[in-house]
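Quick note: the coordinates plus some simple rules give every number you see, no bench work behind them. These numbers were taken from a predicted model, which means no experiment stands behind them. Because the Cβ atoms are built from the backbone with ideal geometry, glycine has one as well, and the counts that use them run over all protein chains shown.
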Amino acid sequence: MNRLTTLFQHKTADVLNVYFTAGFPQLTDTVPILHALQEAGTDLVEIGMPYSDPVADGETIQKSNQQALDNGMTVATLFEQLQGVRQQGVTVPILLMGYLNPVVQFGIEKFCQQCQATGVDGVILPDLPLEVYEREYKALFAKHGLQVVFLVTPQTSPARVRQLDGLADGFIYLVAAAGTTGAQTDMNADVDAYLSRTKAMGLRNPTLVGFGISDAASFAAASRHTTGAIIGSAFIRLLQNTPAQGQATAIKEFVAGIRP
Amino acid sequence: MTITAPSPYRVDASGYYGPFGGAYVPEMLYPNVEELRDNYLKIIEDPEFQSEFKQLLRDFAGRPTPLFLAQRLSAEIGTTIYLKREDLCHTGAHKINNTIGQILVAQQLGKKRIVAETGAGQHGVATATVCALMGLECIVYMGAIDIERQKPNVDRMRMLGAKVVPATSGSQTLKDATNEAMRHWISNPTDTHYIIGSVVGPHPYPDMVARFQSIISAETISQLLEQTGRATPDFVLACVGGGSNAAGAFYHYLDEPGVRLIAAEAAGQGVDTGHSAATTALGKPGILHGASTILMQTEDGQVTEPYSISAGLDYPGIGPQHAQLFATGRAEFISITDKAALDAAFQLSRLEGIIPALETAHALACLPLIGAKKDDVVVVCLSGRGDKDLATYTKHLEEYS
């Protein structure tokens, strides 16, 4: 069974998803970070495939993307790095997140095969239009056991939330507030109202909140009405500011600090 | 009853031009793009909108722009050349046609703030201008490098009350200014309208901008008829960065196979030098700024940083309609080097007393290359004037003395 399905069957609250950019800060950091996050108790991880023009991302993730590209990271290299991680004891569900163009250039069929071969459980492709997904990608993803995650924002109409929920099979990624990643989202009454409104819709998929979640307080506030939350930019900042030899310890402390 | 086959060169009901186009945007932009998609035709086809749009084009922008028979240039090249004088539009380029149209759309949608990107600064100035006219707040993103090389336009935007924000990511040019403008729109989804300056971006932008720019070929048809007795030229030439002036100059000729459409793209220092913006020569199909199109990219799908002497052509993609015109062979794309563009700019200045924009100079540089015969009628879209490029031209004055 897909590891995401298993996870959400067993855990329905306070799920922690951590995002990091592949090949950052060093090209070969991808797998060690993956191991460290699993040991620290992260429930699932989202590995970002770096892109030159990440329009939905704020400065922190943009810079990590650029640094990863400068390090030589590519989709092909990422799959090489992920080769064998499942045999080495990585059991945490893995999602690949990225913009569509590098995936299309790699070849969508080959991408799905590689995901399956390396044990990737799902994908988030924020600029993949829904109708293109349905027409060209859905069957292919299903064939290779890949679950798909769609984003929902406070501006997404209820009808479209239903439509996205109907097509997603991993979880629904709730963008906390209008903005790019890393924006300081104030977990205010508006956000709370949006999250509880979404909860009241009774979606078939689990929901994880992202954008602006950076610490224990914002994680707790975001998780009140949802299955859990996603931390990205704050974790990237941690990686950026931690010397290589202290990385594993810092990751452990960071994750422990989110759910004290 | 006859059924006309839909044109393969115009947008279809799903927002595509053949395999190109569409709306590849993250969910954060979906409601904005959807709102525009569902309303743009209804808004711009409304007779009241059309009458206000046309009045502003006439009384504010100074349309119709002349179609000028360039006799000395014609004699030099050996053909018959008409210049469609978009350089005489208010603000000095065709860009104002689009910004007038879009500001009226923004008003209809109840938007309070305008965000825009700019390369050479022409679109930024045209946006700042209509924002001042309509009393809307205006934020323009411009690559930090472009701010340096197009200073007069930066000052103009500030004079008009716009806030100019430098884009410091990536290559710090038009592509990155576009990224920043999109990020701004993501962060301000309900009260802001994004005025894209070219026929790029997610559907419906390429079609909407082309419709606003189509006034160029609409006027050309009647002016040419009046001056030559024929409505269709043998050639239409225009430069393509994103491609808005070309989209407008080609618009009413797309389904007239007798008219050869020539698009000039920037070869920079040369197509094979690694310092180029010749998209069709160097690019392949991919996704950029919300559309499936042809773009310059690495083997791994990372967008390549383009180069051109002209800030307005310094863009790694082309509009999806142009990608379709290229793929189907309907338009011919010619790569013009910096040097050839400079030659053409000095040639036009001295033969006709018109200093063209560096972008426009790329279109002019195609004239000797298209095999036009003496009696052929060639229309060049003279998209902009060269005042903004004087610093660059001055650097090369001695070579042409």
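Once phi is turned into θ = phi - 60°, what whole-Hz ³J(HN,Hα) does the Karplus curve with 6.51, -1.76 and 1.60 give for every residue of region A:200-207, x standing for Gly and Pro?
5, 6, x, 5, 6, 8, x, 10
Relative to the present Cα-Cα distance, how much length would full extension add between B:Gln269 and B:Thr298 at 0.36 nm per residue of separation?
8.5 nm
Output the pairs from B:Lys95/B:Lys388; B:Lys95/B:Lys374; B:Lys95/B:Lys175; B:Lys284/B:Lys339; A:Lys63/B:Lys175 with a Cα-Cα distance over 20 Å in this structure; if there are none, say none.
B:Lys95/B:Lys374; B:Lys284/B:Lys339
So which aspartates and glutamates pass the test for A:Lys199, namely a Cα distance under 13 Å, with those fewer than 8 places away in the same chain ruled out?
A:Asp165
Could you tell me which trypsin sites (Lys or Arg not before Pro) in region A:188-219 are loop residues by DSSP with no more than 15 other beta carbons within 10 angstrom of their beta carbon?
Sparse-neighbourhood loop trypsin sites (Lys or Arg not before Pro): A:Arg204.
Could you give log10 I(q)/I(0) at q = 0.12, 0.15, 0.19, 0.27 Å⁻¹ for region B:332-401, computed by the Debye formula over C-alpha point scatterers of equal weight, without solvent?
-0.31, -0.47, -0.74, -1.33
For chain B, what does the helix formula give at 222 nm: sum of -39500 (n - 2.57) over DSSP H segments with n ≥ 4, over the residue count, nearest 500 deg cm²/dmol?
The per-residue figure over chain B is -12000 deg cm²/dmol.
Could you list which residues have their amide H under 5 Å from that of B:Ala291, counting only those 5 or more apart in sequence or on another chain, with H placed in the peptide plane?
So B:Ala291 has HN proximity to B:Tyr24, B:Gly201.
Determine Rg/Rh for region B:196-245; Rg is computed over alpha-carbon atoms and Rh is the Kirkwood hydrodynamic estimate from the same atoms.
1.08
What does the charge add up to near A:Pro93, with Lys and Arg as +1, Asp and Glu as -1, over the other residues with Cβ less than 12 Å from its Cβ? Walk me through the intermediate numbers first.
On the way: positive: A:Arg3, A:Lys11, A:Arg86; negative: A:Asp43, A:Glu46, A:Asp121.
Taking every Cβ under 12 Å from that of A:Pro93, the sum is 0.
Please compute the modelled spin-label separation between B:Glu76 and A:Arg86, points set 7 Å along Cα→Cβ, answer in nm with one decimal.
Placing both labels 7 Å beyond Cα along the Cβ direction yields 6.8 nm.
Divide, for region A:18-59, the radius of gyration over alpha carbons by 2.2 N^0.38 Å, where N is the residue count.
With N residues counted in region A:18-59, Rg over 2.2 N^0.38 Å equals 1.24.
Collect residues whose amide H, placed 1.01 Å from N in the peptide plane, falls under 5 Å from the amide H of B:Val165; neighbours closer than 5 in sequence don't count.
The answer is B:Val140, B:Tyr141, B:Met142.
Among the aspartates and glutamates, which fall within straight-line cross-link reach of A:Lys11, defined as a Cα-Cα distance under 12 Å, with same-chain neighbours fewer than 8 residues apart omitted?
Hits, sequence-local ones excluded: A:Asp43.
In what sequence do B:Asp146, B:Asp87 fall when counting other Cβ within 10 Å, fewest first? Write out the running numbers ahead of the final one.
Numbers: B:Asp146 26, B:Asp87 22.
Fewest-to-most Cβ neighbours within 10 Å comes out as B:Asp87, B:Asp146.
Find the relative contact order for region B:228-304 and round it to a whole percent, using C-alpha pairs within less than 8 Å whose residues are 6+ positions apart.
Values: 98 pairs, mean separation 14.6, N = 77.
About 19 percent, as a whole number.
Pop out the ³J(HN,Hα) list for region B:22-35 in order, Karplus 6.51 cos²θ - 1.76 cosθ + 1.60 with θ = phi - 60°, rounded to Hz; leave Gly and Pro as x.
Ordered by residue, 3J(HN,Hα) equals x, 9, 8, 10, x, 3, 4, 9, 4, x, 5, 5, 5, 4 Hz.
Once you keep just the Cα pairs under 8 angstrom separated by 6 or more residues, what percentage relative contact order results for region A:3-258?
23 percent
Where does the charge balance sit around B:Ala61 when Lys and Arg score +1, Asp and Glu -1, over other residues with C-beta under 15 Å from its C-beta?
+2
Got the relative contact order for chain B handy, in percent, Cα pairs under 8 Å and 6 or more residues apart?
20 percent
What's the whole-number percent of alpha carbon pairs in region A:3-258 lying beyond 31 angstrom?
Tail fraction, whole percent: 16.
May I ask which residue of A:Val103, B:Ala210, A:Tyr173 lies farthest towards the positive end of the charge dipole of the protein assembly as shown, with charges of +1 (Lys, Arg) and -1 (Asp, Glu) on Cβ and the Cα centre as origin?
Working it through, the farthest residue towards the positive pole turns out to be A:Tyr173.
So what's chain B giving for Cα Rg divided by 2.2 N^0.38 Å, two decimals?
0.90
Convert each backbone phi in region B:166-177 into a coupling constant with the Karplus relation 6.51 cos²θ - 1.76 cosθ + 1.60 (shift: θ = phi - 60°), then list the ³J(HN,Hα) values in order as whole Hz, x for Gly and Pro.
Karplus-based 3J(HN,Hα) across region B:166-177 equals x, 8, 9, 8, x, 7, 6, 10, 4, 4, 6, 4 Hz.
Among all cysteines in chain B, which have no other cysteine Cβ under 4.7 Å from their own Cβ?
Cysteines lacking a close Cβ partner in chain B: B:Cys89, B:Cys239, B:Cys366, B:Cys381.
According to the square roots a ≥ b ≥ c of the eigenvalues of the Cα gyration tensor, what is the shape class of region A:60-183, taking rounded for a/c under 1.5, prolate for a/b larger than b/c otherwise, and oblate for the remainder? Could the numbers behind the result be given before it?
Working: a/c = 1.73, a/b = 1.27, b/c = 1.36.
It is oblate, given that a/c is not under 1.5 and a/b is not larger than b/c.
Please give the calculated 222 nm ellipticity per residue for chain A, where each DSSP H segment of at least 4 residues contributes -39500 (n - 2.57) and the sum is spread over every residue; nearest 500 deg cm²/dmol?
-12500 deg cm²/dmol
Can you tell me the mean projection area, over all orientations, of the convex hull of the protein assembly as shown's alpha carbons? Units nm², please.
30.3 nm²
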